[in-house]
Structures are given as C-alpha cells and as structure tokens.
Amino acid sequence: MEKKIIIVGAGLVGSLWAVYMRKAGYKVVIYERRSDIRKAEISAGKSINLALSARGWNSLNAAGIKADIEKIAIPMSGRIMHSEEGELTYQPYGKKEEAIYSVSRGHLNAIMMDLAEEKGNSTIHYNHQCLNADLKNGKITLKNLLTDEIFEDQADVVFAADGAYSAIRYNSMQKVDRFNFSQFYVEDGYKELLLPAGKDGSYQIEKNALHIWPRGRFMLIALPNEDGSFTCTLFMPYENHEHAFNDLDTDEKVDDFFKKVFPDFYDMMPNLVENWHQNPLSSMSITRCFPWTMGKFALLGDSAHATVPFYGQGMNAGFEDCFVMWELYNKCGNWKETFQEFQKIRKPDGDALQDLSLDNYYVMRDHVADKKFLLQKKIEAKLHKNYPDKWIPLYSQVSFSTIRYSEAYKNGKKQEKIMKEIMKISNIEEIWKSNEIEDKILSML
C-alpha cells in the first residue's frame, strides 16, 4: 500500500509541507475549510503583507521551490520612519546586502497551492471542515460544506497546519488530559488599507523599504506590492487611549484622524474613508500549547505557536517548522521519534519567538523614532561590522540567520543589558565612534 499523509489546512505551511512530504514518497491529501482562493480575485484582504527572511528562504530552498517564490518578492533593505512633520529617517536592517522581502499573502498562498499540487503531487479538497480527530489511529471526521456529507479519512500520520484557531487542536487535543493551552490577546487591533500606485503607476514612496509612521502608543506601517501599491496596516488600541479604534465611529472622525496624525500619508491617499470600510478590524493573539504531537498527529506553524506580527516571523517560523521536521524525519527514520524530537527542540523556539514579537512591538511603536535608540543601533551595526563573530545585533540573529529563536532571545537580552550601560554614558553622542567605547563593550561580553 502507498504511504499516505493527511494535512489539515492548505495555507502557506500546509502547502510547503506537502512538497516536503512528496519528497519522502508519501501520497498527500489536503483538506481546507475555505474555498480555493485561486478562483477568487486575490486582494490585500485581511492579510498583513508578509516579510520573508533567512529562515523562510532556507526552508523554501530545502524544498526546491525558492526560485518560484523569488519572482514575487520585493527586497526591503531597511525601515523608513515618517514623523508627524513629514521628516523621513532611514535605518538599515543589516549589512548592505541584507534585506527582508515583502510578499503578498494571497499571491504567495496561490503559488504555494500550485506547487503543492504540481511538485507535491497532492490532492487538495476545498470546503471541507474538520470536525474531529481520532489521535491514536490517525483518523479525522470531515464535513463537505457544499453537500453537508460527513465522512472519515485515515492516514499513517496527520499534520494540523490549520492556523491559530486549529480545528484539530480545539476539537481533539485540547480535550486530552494534561494538555496545556493558553491564549493571550494584545489590547490592540489592526486594520488594513491599500495605498495605490501614483497616477503614472509608480510607487508614491520608496519601494525597497518598510515604512513606519510611529506615534508612541500606535503606528501605521506600509509594505510594497508588485503593482506600485502598498499594503498598509494601522495598529492601535481598541479603547482607553486618545486615539482608539472604537472612537473612530464616523467617517468624519476617520478623516480628521488621518489628516491630523498621518498628514503625509493622508495627502497620498485618495478615497480614504471608502478604503477604511473595505477591510475588517481584526484582533491579534498569542497561542501557546503543549504537547505539539499526540499519537499520529502533529501541529505545525500557527496551530502550535501563533504569534503577533511584529517581528515578521510568523510565516518564517512556520516554514522553519517544516524544515526542522524534515531534517529530523531524515535522521530518525520513523514518525514516533521524529515527533518527540520535534516538539522538544521547537517548543522553546516557539515561546522565544512570541516573546521577541511582543518586545519588537514596543520597539516599532515607541522607540524607532527615538534618537538614542537610533544611535544605539548605529553602535551595534559598527560592532557587527568590525567583530562579526562577537556581536550580531538581535534583529540580524532573528532575520538574517538560522540561529535558534531561543538562543537569539537569550543573546539579545545579554546584549541589551550591555547597551543600556553604554547608553548611560553622558557624552555618548560625541564619543560613540571611539575605540574606547568599542573596547568597553567587548570587555563586557
């Protein structure tokens, strides 16, 4: 009999895992609750543009599909901060050749589904809801949402790549004794807007950068699309703040808010109010759970470790799950051992990524416009250039390397402690380039 696996969820992680599993000689069957997005017009929708970085590229490369995704990826070499007065400040992400890449979630997902079917030789069944799972026997109960038929399917192993609100986890794993689960909502929501291309089809702001309008307790960001537009996302509290989503309850208030708080953005944005109503206001949460594997089932991506989007690592971490699982499967040669090793290795990294993501929210929201913060980043960049083996900035560890998230988080805490001491030096603005400062930092490592 042909070996068979089931994947629940045809999103980015599920599609990538299908490609890996076909390489292992499995027949792959994917069940997806939604309809086929390739048959609908792909718009920005309820989807923050994604930022592909080293971990994601490494995982795509190992699956043999990196070149297919490079075609739609736009490099962003740094952040451009927009002040209320319209002043621009540029901060590179890493070294000259280093960049993160903006990709449209919808477009990427459509390509990944194509690749799952072509290179993964997978069958994707859309409009199929997972109702239950028999964890021990690798069996799932499904409902065809078009016909209301309820039926079962079974495989050697089943992978739940069905996101933060995973049906497998919710309907089955969370009912098992001693299964740990927690969900934490941040107090902010997000709303998406689409900044169109200029009248001549050109980009209205710098194409190869991630744009941030930091405003202390909230912020607006913009990532480039292939057609000259930018997918923009406003992150803001729901309530209890001078500027809050729940208070923007009339078109006039929305218009006044942008005119006052983001004047340069407002001037570029036609049909602002109409655009405002096109996409929903959405919440953000962190989901933690353990164990990630039970019987013949394993959680991958957001179903195991959903995070907030402020390090741009949610997709990269999900892709890296596939890479780690694949490496372990090739090493162990059986699923039982692979599953045990996988959760033991990846759980600390999932937790660390969630901590990193929350920390980076405060950095993006509160600190990126701060002169001392920008100076600290310059000092760290100089150290990294002169002593690449001794000092790698935290952002570079997370985005431009495959150092484990848990190690990066630990290293980052140590480095931040050192930099706090350095930034306390009274005349640091004048002497930051000196050998004396460099020597002092190196002596503290």
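Just so you know, all these numbers are worked out from the coordinates, no wet-lab data involved. As the structure is a prediction and not an experimental result, all values here were calculated from the model. Note that we place each Cβ from the backbone using ideal geometry, even for glycine, and neighbour counts take in every protein chain shown.
At a Förster distance of 30 Å, what's the computed FRET efficiency of D256 paired with S282, Cβ-Cβ distance as r, to 0.05?
Step by step, r from the Cβ atoms, then E = 0.85.
Using θ = phi - 60° and the Karplus relation 6.51 cos²θ - 1.76 cosθ + 1.60, list the HN-Hα couplings for the stretch 315-324 in order, rounded to whole Hz, with x at every Gly or Pro.
Coupling constants for the stretch 315-324: 5, 4, 5, x, 5, 5, 3, 4, 5, 5 Hz.
Extension gain K95-D370, at 0.36 nm per residue separation less the Cα-Cα distance, in nm?
Between K95 and D370, full extension yields an extra 96.9 nm.
Treating only the Cβ atoms of Lys and Arg (+1) and Asp and Glu (-1) as charged, compute the dipole magnitude of the chain about its Cα centre; round to the nearest 20 debye.
Its charge dipole is roughly 1680 debye.
Going through the stretch 110-182, which chymotrypsin sites (Phe, Trp or Tyr not before Pro) have at most 16 other Cβ atoms within 10 Å and a DSSP loop state?
In loop regions of the stretch 110-182 (DSSP not H, G, I, E or B), the sparsely surrounded chymotrypsin sites (Phe, Trp or Tyr not before Pro) are Y165, F179.
For the pair N334/E149, report the inter-label distance in nm, with labels modelled 7 Å from Cα in the Cβ direction.
Inter-label distance under the simple model: 3.7 nm.
What is the dipole size for the stretch 370-444, taken about its Cα centre, with +1 at each Lys and Arg Cβ and -1 at each Asp and Glu Cβ, in debye to the nearest 20?
Computed charge dipole of the stretch 370-444: roughly 220 debye.
Can you give me the angle between helix 371-386 and the longest principal axis of the chain, using Cα atoms only, in degrees from 0 to 90, rounded to the nearest 10?
Approximately 70 degrees, to the nearest ten.
Which FRET efficiency value, to the nearest 0.05, is calculated for K424 and N132 with the Förster distance at 45 angstrom and r the Cβ-Cβ distance?
Once the sixth-power term is evaluated, E becomes 0.20.
Report, by chain and number, residues whose modeled amide H sits under 5 Å from the one on K27, excluding near sequence neighbours (fewer than 5 apart, same chain).
K3, K4, I5
Lysines within cross-link reach of K417: Cα-Cα under 16 Å, excluding same-chain residues under 8 positions apart?
Output for K417: K372, K377, K390, K440.
Using R₀ = 45 Å, calculate the FRET efficiency as 1/(1 + (r/R₀)^6) where r is the Cβ-Cβ separation of A40 and E206; round to 0.05.
In this case the efficiency is close to 0.90.
So what's the stretch 370-444 giving for Cα Rg divided by 2.2 N^0.38 Å, two decimals?
In units of the 2.2 N^0.38 Å rule of thumb, it is 1.08.
Tell me, how many Å apart are the Cα centres for the stretch 416-445 and for the stretch 177-256?
Cα centroid to Cα centroid, the span is 35 Å.
If the convex hull of the alpha-carbon atoms of the stretch 270-344 is projected onto planes in all directions, what is the mean projected area in square nanometres?
For the stretch 270-344, averaging the hull's shadow over all directions gives 7.0 nm².
Which value, to two decimals, describes the C-alpha radius of gyration of the stretch 252-396 once divided by 2.2 N^0.38 Å?
Dividing the Cα radius of gyration by 2.2 N^0.38 Å gives 1.44.
Quick one: 3J(HN,Hα) in Hz for the stretch 264-277, Karplus 6.51/-1.76/1.60 with θ = phi - 60°, rounded, Gly and Pro as x.
5, 5, 4, 5, 8, 9, x, 6, 4, 5, 4, 4, 4, 7
Among K139, K207, K382, determine the one that fluctuates most according to a GNM of the chain built with springs between C-alpha atoms less than 10 Å apart.
The residue with the greatest mean-square fluctuation here is K382.
If the cut-off is 16 Å between C-alpha atoms, which aspartates and glutamates fall inside it for K39, apart from same-chain ones fewer than 8 positions away?
Straight-distance partners of K39: D114, E117.
Calculate one ³J(HN,Hα) per residue across the stretch 299-313 by plugging θ = phi - 60° into the Karplus curve 6.51 cos²θ - 1.76 cosθ + 1.60, and present them in order as whole Hz with x for glycine and proline.
After applying 6.51 cos²θ - 1.76 cosθ + 1.60, I find 8, 10, x, 4, 5, 9, 8, 4, 9, 7, x, 7, 10, x, 10 Hz.
Given that compact globular proteins tend to follow 2.2 N^0.38 Å, what is the ratio of the alpha-carbon Rg of the chain to that value?
1.02
Leaving out same-chain residues fewer than 8 places away, which aspartates and glutamates sit with a Cα under 16 Å from that of K95?
E380, D389
For the pair Q183 and E242, how long in nm is the line joining their label points, each one 7 Å along Cα→Cβ?
For Q183 paired with E242, the spin-label model returns 3.4 nm.
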